[in-house]
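Peer 1: There's a structure below that I have some questions on.
Every number here is computed from the coordinates shown, using simple stated rules; none is lab data. Computed from a prediction, not measured in an experiment: that's the story for all the values here. Here the Cβ positions follow ideal geometry from the backbone for every residue, glycine too, while neighbour counts run over all protein chains shown.
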């Protein structure tokens, strides 16, 4: 997306957020209901452009096809041609707020032992213990394979063995979108990563 399209997408996202919030769609549960309503045609848990346009119209947001194209491009983060629930949540809820970003940054710094801006399997070795992982214990996987799987689960889609700061933040933006309360999100992060 070029800069003009990004700006247009932000304006459209604000219109959609405002309309959904006016209808009471603030909590994750309510956003889930809204998403299911948008996905009512085929129930595949993904939105195509038509479902997005019609569903938003039913929720009070009238968009032209050009506007739908711009909004869809902004929401379809993985470029799959559909919008899944996580993409929808992140788009509607937005990125990490300062409180959540601070704890996500703290966790990233804990894992990025070398400070090079990437988390690698070597970085994880001092922080994430795989010896007790069930698949290591039963011989199905080596410790290195578990580390690599860990990175993939956190967004290392190109499987280059490195998780960038942006991939880390994108992952936690999706997690964050399903947690309504900042204090609860911070507590979850502290417990998960022993911060």
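Peer 1: If you average 1/r across every pair of different Cα atoms in the chain and take the reciprocal, what Kirkwood value do you get, in Å? Spell out each step's value before the answer.
Peer 2: Details: mean 1/r = 0.0541 Å⁻¹.
Kirkwood radius, the chain: 18.5 Å.
Peer 1: Let me ask you something else. On full extension of the chain, what length is gained from residue 160 through residue 58, given 0.36 nm per residue of separation minus the C-alpha to C-alpha distance? Walk me through the numbers before you get to the answer.
Peer 2: On the way: separation 102, 0.36 × 102 = 36.72 nm, distance 4.28 nm.
32.4 nm is the gain from fully extending residue 160 to residue 58.
Peer 1: Mind giving me the nanometre distance, one decimal, between the label points for residue 45 and residue 181, set 7 Å out from Cα along Cα→Cβ?
Peer 2: Between residue 45 and residue 181, the label points sit 2.7 nm apart.
Peer 1: Place the peptides 46-56, 177-187 in order of packing, highest mean first, counting for every residue the other Cβ atoms within 10 Å and averaging per peptide. Before the final figure, lay out the partial values.
Peer 2: Working: 46-56: 19.1, 177-187: 14.7.
Highest-to-lowest ranking by the protection proxy: 46-56, 177-187.
Peer 1: Compare the peptides 165-175, 83-93 by average per-residue count of other Cβ atoms within 10 angstrom and give them in order, highest first.
Peer 2: Values: 165-175: 18.0, 83-93: 20.1.
For the peptides 165-175, 83-93, the packing ranking is 83-93, 165-175.
Peer 1: Using 1/(1 + (r/R0)^6) with R0 = 45 angstrom and r between the beta carbons of residue 99 and residue 132, what's the FRET efficiency to the nearest 0.05?
Peer 2: Details: r = 32 Å, r/R0 = 0.71.
Calculated transfer efficiency: 0.90.
Peer 1: Can you tell me the FRET efficiency between residue 188 and residue 6 if r is taken as the Cβ-Cβ distance and R0 is 30 Å, rounded to the nearest 0.05?
Peer 2: That gives a FRET efficiency of 0.45.
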